[in-house]
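The values are calculated or read from the model by the stated rules, or taken from the named source; none is laboratory data. Source: prediction; values computed, not measured. In this analysis, Cβ positions are derived from the backbone assuming ideal geometry, glycine residues included, and neighbour counts consider all displayed protein chains. Side chains are part of the model used for accessible areas, which takes the heavy atoms of the whole protein and leaves out ligands, DNA and RNA. Shrake-Rupley method; radii C 1.70, N 1.55, O 1.52, S 1.80 Å.
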Amino acid sequence: MSSVAIVAPDAQSPVLIHVPHSSRVIPPSVRVGLLLSDLELDAELDESTDTATGEIAAAAACYAHRRPMLVVNELSRLVIDPERFDGVEEPANGVGRGAVYTRTCGGGPLRTEPYPHTEALIDAHFRPYADAVADAVDDRLRACGRAVVIDLHSYPLEPSGFEDPAAPRPPLCIGTDPDHTPDWLVDVTRGAFASLVEIGENTPYSGCYVPLRHYGRDRRVASVMIELRRDTYLIDPRTPDPVRVDQLGHALATLIDVITARGVDV
């Protein structure tokens, strides 16, 4: 059964806000397979969870002139990471951070390696989730003739152990794909978040989410990743600043409105 929660949009909104990493929820059946103590797990969740991105998305949906579709993962990325590939071609497998993580942010053991229940987690959670998001994109294609995915994330000020410590970490990182992120979408994203001043592209993260059903196959699907550095809106790893969340929600709503008003030229 899919862990994705979908909030219906206004009929003529082509925009989907994808929030894959905002949850800390780990079912007991999955928790027993994690090697961390409760305190260690809390610290791992602090580092790996895109805290309050769901709240930013919800605020944007309220402020936008036409409500976008919200597509939210209700389970922690420590259950499965829906934005990885589920096969050997996934590059993050090399650091234990593929579809089913076996290593912590710091490189320590999270699950036994090789993890014997990987395929069970893929079947139970990863594939149903991927199908649900692809179906949501198809819904917007039918309704609007196009779909624009805003892939919403955040990241900590200091790099995790598996990251390049030399990569710039601006307040906003825009992630792009050569086939699914047109130049105009980068430009309007920069404009909507201009108040953050320092904006990078594809650093420290690159790419954006497009369902495999559509990736490289349907140019009517556009996508852009928004990575917000957490110190721009969090007081501590678990506590959002409501004023900053609201401001970022307004910025995201501005982006949604520009995309919606643009028409079919994606």
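One table, with the values for the structure above:
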{"read-out": "The chain, dipole about Cα centre (Lys/Arg Cβ +1, Asp/Glu Cβ -1), debye to the nearest 20", "value": "620"}
{"read-out": "Rounded percent of accessible protein surface that carbon and sulfur make up, the chain, 1.4 Å probe", "value": "55"}
{"read-out": "Choice from P211, P109, P27 showing the highest fluctuation, given a GNM over the chain with Cα pairs closer than 10 Å", "value": "P27"}
{"read-out": "Whole-Hz ³J(HN,Hα) from phi, Karplus 6.51 cos²θ - 1.76 cosθ + 1.60, for the stretch 234-247, glycine and proline x", "value": "10, 7, 8, x, 10, 10, x, 7, x, 5, 5, 4, 5, 5"}
{"read-out": "Cα lying deepest toward the dipole's positive end in the chain, options L35, A11, I122, charges on Cβ", "value": "A11"}
{"read-out": "Around P68: net Lys/Arg minus Asp/Glu count, Cβ-Cβ under 11 Å", "value": "+1"}
{"read-out": "Angle in degrees between helix 53-63 and the longest Cα principal axis of the chain, rounded to the nearest 10", "value": "20"}
{"read-out": "J(HN,Hα) series, the stretch 172-179, from Karplus relation 6.51 cos²θ - 1.76 cosθ + 1.60, nearest Hz, glycine and proline x", "value": "9, 10, 9, x, 10, 10, x, 9"}
{"read-out": "Degrees separating the helix 127-144 axis from the principal Cα axis of the chain, which is the longest one", "value": "0"}
{"read-out": "Compactness of the chain - radius of gyration and Dmax, Cα, Å", "value": "17.6, 51"}
{"read-out": "Separation of the T112 and T203 label points, Cα + 7 Å toward Cβ, nm", "value": "4.3"}
{"read-out": "Solvent-accessible area per residue for the chain (1.4 angstrom probe, square angstrom)", "value": "43"}
{"read-out": "Sequence-distant residues sharing a close amide H with G175 (under 5 Å, placed H)", "value": "N202, M225, I226, E227"}
{"read-out": "Nearest 10 degrees, 0 to 90: helix 183-192 Cα axis against the chain principal axis", "value": "90"}
{"read-out": "Ratio of the Cα radius of gyration of the stretch 1-148 to 2.2 N^0.38 Å, where N counts its residues", "value": "1.12"}
{"read-out": "Fully extended contour minus Cα-Cα distance, from R217 to D38, at 0.36 nm per residue", "value": "60.1 nm"}
{"read-out": "With all protein chains modelled, accessible area of I256 [1.4 Å, Å²]", "value": "0"}
{"read-out": "Total formal charge among the other residues, if their Cβ is under 10 angstrom from that of Y209, Lys/Arg +1 and Asp/Glu -1", "value": "-3"}
{"read-out": "Dipole of the chain, positive end: most advanced residue of M69, A58, L152 [Cβ charges, Cα centre]", "value": "M69"}
{"read-out": "Derived scalar couplings ³J(HN,Hα) [the stretch 105-121; Karplus, 6.51 cos²θ - 1.76 cosθ + 1.60; whole Hz; x for Gly, Pro]", "value": "4, x, x, x, x, 9, 10, 5, 10, x, 7, x, 10, 4, 5, 5, 5"}
{"read-out": "Rounded to the nearest 10 Å², the accessible area of M225 at probe 1.4 Å", "value": "10"}
{"read-out": "Additional length obtainable on full extension of the chain from A261 to L157, 0.36 nm per residue less Cα span", "value": "34.0 nm"}
{"read-out": "Estimated [θ] at 222 nm from DSSP helical runs (n ≥ 4, -39500 (n - 2.57)) normalised by residues in the chain, nearest 500", "value": "-9000 deg cm²/dmol"}
